[in-house]
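Take a look at the structure below.
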Amino acid sequence: MCTHTIITSVASLALALVSLLVDAAQAQIVPAAPAVQELAPAKPIGKVVTATGSVTIERASAMVIQANVSGQIVQTKVGDIVYLGDVVQTGADGQVGINFADGSSFKLSSNARMALDEFVYDPNGKSNSTLFNVTNGTLTFVAGNVAKTGDMKVDTPVATMGIRGTTPHVEVSDDGTVKFSTLIEEGKSKLTKRLSPAASQDAKKGSYLTDIALCNGTDHASLEARVDGCTALIASGHGKTTALAIAYNNRGNAYAAKGDYGRAIQDFDQSIKLNPTYVRAFNNRGVAYLKKGEYDLAIKALDGAIQLNPSYGSAFANRARAYLKKHQYDRAARDYDEAIRLEPNLEAVWSGRCWTQAILGALEAALEDCNKALQLASNNAATYDSRGLIYLKMGKFDAAIDDYSSALQLDPKLASALYGRGLARLKTGDKAGSNADIAAAKTIQLKIGNDFTRYGVR
């Protein structure tokens, strides 16, 4: 039987400078309700220096200032004042630049949201502090005097970053994943570091950054190094609960890649325990059970992923694969239909549905799916193997031999391709070639003939 792609989800970890890591349910900022008594005037802390597209500033009093109208550039709005407690938000076409009283300069990308929760600055003081909360989008900024004379922090859904004289670039994706890169000043020299993801309490936490990078698999880190990096992060005691869930998930992926599915499942269990809404961990646990051969448990885990996110196409594709293993082809076909509706550009779902349709006997539909899969990725042995089965069932034996040979060039030990080519060669009169292929297939998988009987081919 051919093996189709199983789709795992690897989270990017993003370290916090004070805290750490990534991926969590996105935090929701709720503006403070106005008090009954008369409020003191809001404190201005900065002003808008650039604004394009849709940009709004929401006051704690619920008053909204439209800094820019969607799709237009209104230069007259540059110069609008921002106040402590404001929430700045950009639309799909929006960008905004803000300069603050301490010399800090912030730029927000499209679809970004930042709350100005704290800003204490005295040019002569040593207890200055800021706390800005970014829940979505990309933020680039140059740190000002607060970072040098006090405590500057940027909070994200999973990490609070302490800033010390750096020029950071922070990306918070829709699923809460955080990436951090920075230009770090060291004496008179400047060193650019791209940490994908990363963060630092200062530039001095080198080993901590290394653990982050290793746990993420940055720069093609070995599986052992990935396990070690994640283990160090888990043991460090730093980070928010949702951040630790990412570390367990990533270590689980590394264990699964090593074939240690038992330990992988333990890590996915712990990740889910820490963050019960972490859909990736549910998906990855399902994949681990699938590879372990425990198909009912795989389906149960993937059910959990789909319940959390009904638009998770990869989970539908993985559950379809589990149903295939249980020979529940109609259920598999329905899941592949949904996976294709959700992620039509994913080659694995077309290839998987092709194989399923071929077994069910819907040969023309199966052929269309295989051709689509090969358009997306022409180096998949499983897809050539599936199309070989279609041609074999159609009686197009030369075409079947060609596709099975293509599959074997990519995967020389694919038993189903060897056996299928053997059957096709027998139909063309090549008895010696047939015997050689079938014998080689049975050496790899003794009862491969039973599978083909189930597929309706003898």
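Remarks
- Just one residue in the set Thr383, Thr453, Thr356, Thr428 is touching a Ser or Thr at 6+ places or on another chain (Cβ under 6 Å) and among the polar types (S, T, N, Q); that residue is Thr383.
- Any hit, region 425-439, residues being without any contact (Cβ under 8 Å) to a residue 24 or more places away in the chain, assigned to a helix (DSSP H, G or I), buried (at least 20 other Cβ atoms within 10 Å of the Cβ) and not basic (Lys, Arg): yes
- Verdict on Val287 being in a helix (DSSP H, G or I), among the β-branched types (Val, Ile, Thr) and not assigned by TED's automatic domain parsing to the domain that holds Asp369: yes
- Among the residues of region 286-319, those identified as under 26 Å from Arg263 (Cβ atoms) and of a type in the set (Gly, Ala, Ser) are Gly286, Ala288, Gly293, Ala298, Ala301, Gly304, Ala305, Ser314, Ala315, Ala317.
- Cβ-Cβ under 8 Å pairs, at least 6 apart or on other chains, region 302-318 side in contact (Cβ under 8 Å) with a residue 24 or more places away in the chain and more than 18 Å from Asn275 (Cα to Cα), far side of a type in the set (Asp, Glu) and not in a helix (DSSP H, G or I): Gly313/Glu343; Ser314/Glu343; Ala317/Glu343
- Enumeration of residues in region 335-353 that are of a type in the set (Lys, Arg) and under 16 Å from Ser311 (Cβ atoms): Arg341
- Considering residues of region 133-142 that are surrounded by fewer than 23 Cβ atoms within 10 Å (Cβ to Cβ) and either hydrophobic (A, V, I, L, M, F, W, C) or in contact with a Cys (Cβ under 7 Å, 6 or more places away or on another chain) (or both) only, the residue farthest from Ile45 (Cα to Cα): Leu139
- Checked against the criterion of being under 30 Å from Arg341 (Cβ atoms), among the aliphatic types (A, V, I, L, M) and touching a residue at least 40 places away in the same chain (Cβ under 8 Å), the candidates Leu389, Leu360, Leu374 yield just one match: Leu389.
- Reported count of residues in region 320-361, each being small (Gly, Ala, Ser) and surrounded by fewer than 17 Cβ atoms within 10 Å (Cβ to Cβ), is 1.
The values are calculated or read from the model by the stated rules, or taken from the named source; none is laboratory data. Quantities reported herein were computed from a predicted structural model and do not represent experimental measurements. We place every Cβ from the backbone using ideal geometry, glycine too, and count neighbours over all the protein chains shown.
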